[in-house]
1. Condition test on L65, is it at pLDDT below 95, closer than 16 Å to I214 by Cβ, part of a loop (DSSP other than H, G, I, E, B) and in contact with a strand residue (DSSP E or B) (Cβ under 7 Å, 6 or more places away or on another chain)?
2. Could you tell me whether segment 222-241 includes any residue that is modelled with pLDDT of 80 or more, surrounded by 14 or more Cβ atoms within 10 Å (Cβ to Cβ), hydrophobic (A, V, I, L, M, F, W, C) and in contact with a Phe, Trp or Tyr (Cβ under 6 Å, 6 or more places away or on another chain)?
3. Please specify each residue of segment 1-41 satisfying the condition of being modelled with pLDDT under 70 and assigned to a loop (DSSP other than H, G, I, E, B).
4. Could you go through segment 95-103 and let me know if any residue there is of a type in the set (V, I, T), modelled with pLDDT under 90, surrounded by 11 or more Cβ atoms within 10 Å (Cβ to Cβ) and farther than 17 Å from Y224 by Cβ.
5. Out of curiosity, is V49 of a type outside the set (D, E), within 16 Å of S142 (Cα to Cα), within 17 Å of the chain's Cα centre (by Cα) and surrounded by fewer than 18 Cβ atoms within 10 Å (Cβ to Cβ)?
6. Has segment 190-199 got at least one residue that is at pLDDT 90 or above and either surrounded by 14 or more Cβ atoms within 10 Å (Cβ to Cβ) or not charged (D, E, K, R) (or both)?
Amino acid sequence: MEQIPLNHEASAGDTNMRVTKGMPTEVVQCLENARFLHLATCHDNIPHVSLMNYTYLPSSPYSQLPVIVMTTNPASKKMNNLVTNPNVSLLVHDWVSHRPSTSQRRLSGGSPGPEARSSLAALLFNLNSSAVSSISATINGSARLVEPGSEEEKFYREKHLANNTFENEGLVAIDLRRESTVDQQRQQDDGGRSCFVAGEEVRVVVVGIRDVRIADYKGAVRDYTIEPASSLDDAAAGVNGGHQIG
């Protein structure tokens with residue numbers, strides 16, 4: 001059955017929250033396809049958004065729940081925000097985000113008009129039109145800083161490094177250690193290792209996923225809360241046994 005887009009009032013709440021043992025398959029696919037996500041932190045009611053490399057793990061020796069691993073400079077704004085407020089929101093999608101042409105005049109006067117569109121830009125726009133993915137996911141959770149020098153930090157750092165080494169790709173990467181862009185040559189020299197994982201001063205951030213909202217391109221939303229499999233199994237056993245698990 002085709003989903004009907006929800007209106008603002010309906011999508012603002014979480015009364016239709018579904019409980020699941022793990023991340024919905026389409027969100028996992030989106031996390032596997034995308035290279036960056038947006039991390040939203042907040043301090044004193046002032047929000048801050050950062051573009052981040054990340055690694056998604058469905059589970060680990062340190063968590064039954066799925067987690068998202070990131071790294072950051074200990075002097076960064078996001079780091080300061082996380083220390084005072086660990087609640088975070090993440091946005092991920094794998095849509096091609098090239099802006100389509102417009103018949104209106106150029107607003108800035110400096111960018112080329114539709115007639116100057118390159119073949120590459122046209123290709124990207126066509127990819128976007130063919131729907132590389134049909135959803136975006138807003139993931140809410142709690143972030144914590146992993147103890148420096150611990151086995152846990154070593155585990156997450158190695159996973160993050162293996163997932164974010166892009167050799168000979170010819171793209172500009174995000175330097176999460178210095179929070180600046182690095183040139184193509186440096187990325188090709190070390191595969192991005194020194195950019196965001198290898199530096200000793202880099203702190204590892206692990207986000208425990210609490211719930212996720214999926215939004216499709218029509219505006220329909222679905223909400224899921226993530227619980228350990230054991231919790232769901234216990235709840236099911238309680239219902240089958242004739243009593244409620246409180």
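1. Numbers: at pLDDT below 95: yes; closer than 16 Å to I214 by Cβ: no; part of a loop (DSSP other than H, G, I, E, B): yes; in contact with a strand residue (DSSP E or B) (Cβ under 7 Å, 6 or more places away or on another chain): yes.
No; evaluated as a whole, the condition is false for this residue.
2. Taking segment 222-241 as the starting set, the residues that turn out to be modelled with pLDDT of 80 or more are 222-227.
Then keep just the ones that are surrounded by 14 or more Cβ atoms within 10 Å (Cβ to Cβ); that gives 222-227.
In the following step, the residues that additionally are hydrophobic (A, V, I, L, M, F, W, C) were identified as 226.
Subset that is in contact with a Phe, Trp or Tyr (Cβ under 6 Å, 6 or more places away or on another chain): none.
Within segment 222-241, none of the residues are modelled with pLDDT of 80 or more, surrounded by 14 or more Cβ atoms within 10 Å (Cβ to Cβ), hydrophobic (A, V, I, L, M, F, W, C) and in contact with a Phe, Trp or Tyr (Cβ under 6 Å, 6 or more places away or on another chain).
3. M1, E2, Q3, I4, P5, L6, N7, D14, T15
4. Here is the first cut: in segment 95-103, the residues of a type in the set (V, I, T) are 96, 102.
Those still in the list that are modelled with pLDDT under 90 too: 96, 102.
From what's left, surrounded by 11 or more Cβ atoms within 10 Å (Cβ to Cβ): 96.
Checking which are farther than 17 Å from Y224 by Cβ leaves us with 96.
Yes, some residue in segment 95-103 is of a type in the set (V, I, T), modelled with pLDDT under 90, surrounded by 11 or more Cβ atoms within 10 Å (Cβ to Cβ) and farther than 17 Å from Y224 by Cβ.
5. Numbers: of a type outside the set (D, E): yes; within 16 Å of S142 (Cα to Cα): yes; within 17 Å of the chain's Cα centre (by Cα): yes; surrounded by fewer than 18 Cβ atoms within 10 Å (Cβ to Cβ): yes.
The answer is yes for V49.
6. Within segment 190-199, the first condition is being at pLDDT 90 or above, and the residues that meet it are none.
Checked against the condition, which is being at pLDDT 90 or above and either surrounded by 14 or more Cβ atoms within 10 Å (Cβ to Cβ) or not charged (D, E, K, R) (or both), segment 190-199 yields no hits at all.
The values are calculated or read from the model by the stated rules, or taken from the named source; none is laboratory data. In this text, all values refer to a predicted model and were calculated from it rather than measured experimentally. So basically every Cβ, Gly included, is an ideal-geometry build from the backbone, and we count neighbours across all protein chains shown.
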